[in-house]
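Q: Shown below is the structure under consideration.
Read-outs: derived from the displayed coordinates by stated rules, not from any lab. What you see is a predicted model; the values in this text were computed from it and never measured. Cβ atoms come from the backbone with ideal geometry, glycine included; neighbour counts cover every protein chain shown.
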Amino acid sequence: MIEGEAWLSSRPRPLLLCRPTNLPVPEVTLNDVEIRTIDARSDHSDIAKLLMNVWIDEEPYRCLEDPEAALQAQIQRSLEDPGLGVIAYGEQGVCAAVLVPSTAVPALMWLTVRRDARQRWLATALLRAVVETLSAHGTNELATAVSATNLPSLRWHLTRGFQLAPDPLKEA
Ligand SMILES: CC(C)(COP(=O)(O)OP(=O)(O)OC[C@H]1O[C@@H](n2cnc3c(N)ncnc32)[C@H](O)[C@@H]1OP(=O)(O)O)[C@@H](O)C(=O)NCCC(=O)NCCS
């Protein structure tokens, strides 16, 4: 018996997580990659391409009828006001990116590493750059939303200091 509200959805539910910004992130030495904040104008199309190539095959987009149109619209909207954006830039262009829009509690959005560049600590390096900048601006907490079915991402967040928020199912 259920008391209250219940609904079934084909979309995996995002879980809210957060971490203190003063929790250390390991320093990463990457000789062939530059980690830098984005230039919204000149990096726009490289970032959009990376996000489109990766997320078209990821949940929740891959379950949609027209993932390309939905993604294109959301990526464009996010890049119009990216807030604090950090990218990893290598020989073949942008290989990883994250955006942190200027919301009351800053949150990681679109954390994305190109498939052939994974497991090289790039996401960790982006996280380090983000928390250093937020800390320097007096921000104590960083949030994120991870689909409950995205186990590699969930594992990555939990091993990098994120914990489930007190109300993890609250709408992001
Ligand atoms: C989740 C994601 C961002 C992780 O990116 P990543 O750059 O591969 O992550 P990192 O390299 O920082 O860490 C990944 C793992 O590789 C390991 N690793 C890093 N370099 C390594 C190396 N040279 N050899 C072996 N393992 C290595 C790390 O220890 C870490 O291990 P863990 O799984 O025990 O935590 C990436 O898989 C991705 O873009 N996924 C698709 C989009 C997505 O789901 N984004 C998250 C949105 S919520």
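Q: What's the FRET efficiency of Glu59 with Ser102 using the Cβ-Cβ distance as r and R₀ = 30 Å, to the nearest 0.05?
A: Between Glu59 and Ser102 the formula returns 0.70.
Q: Which part of the range 128-172 falls in the paramagnetic zone of Ala70, meaning amide N under 14 Å from the point 7 Å along Cα-to-beta-carbon?
A: 147
Q: Quick check on the chain: helices-only [θ] at 222 nm, where DSSP H runs of length 4 and up contribute -39,500 (n - 2.57) each and the sum goes over total residues. Nearest 500, please. Please list the in-between numbers first.
A: Working: 4 runs with 49 residues, N = 172.
The helix contribution divided over the chain gives -9000 deg cm²/dmol.
Q: Under 1.5 on a/c is rounded, so check that first for the chain, then, if it is not, pick prolate when a/b is larger than b/c and oblate when it is not; a ≥ b ≥ c are the square roots of the alpha carbon gyration tensor eigenvalues. Before the final figure, lay out the partial values.
A: Numbers: a/c = 1.71, a/b = 1.24, b/c = 1.38.
Oblate is the answer for the chain, as a/c is 1.5 or above yet b/c matches or exceeds a/b.
Q: Find how much the distance from Leu8 to His44 grows on full extension, using 0.36 nm per residue of separation minus their present alpha carbon separation; answer in nm with one decimal. Could the numbers behind the result be given before it?
A: On the way: separation 36, 0.36 × 36 = 12.96 nm, distance 3.67 nm.
Extending this stretch completely gives an extra 9.3 nm.
Q: Projecting each Cα onto the charge dipole of the chain (Lys/Arg +1, Asp/Glu -1 at the beta carbon, about the Cα centre), which of Pro67, Gln92, Trp156 comes out farthest on the positive side?
A: Ranked along the dipole, the leading option is Trp156.
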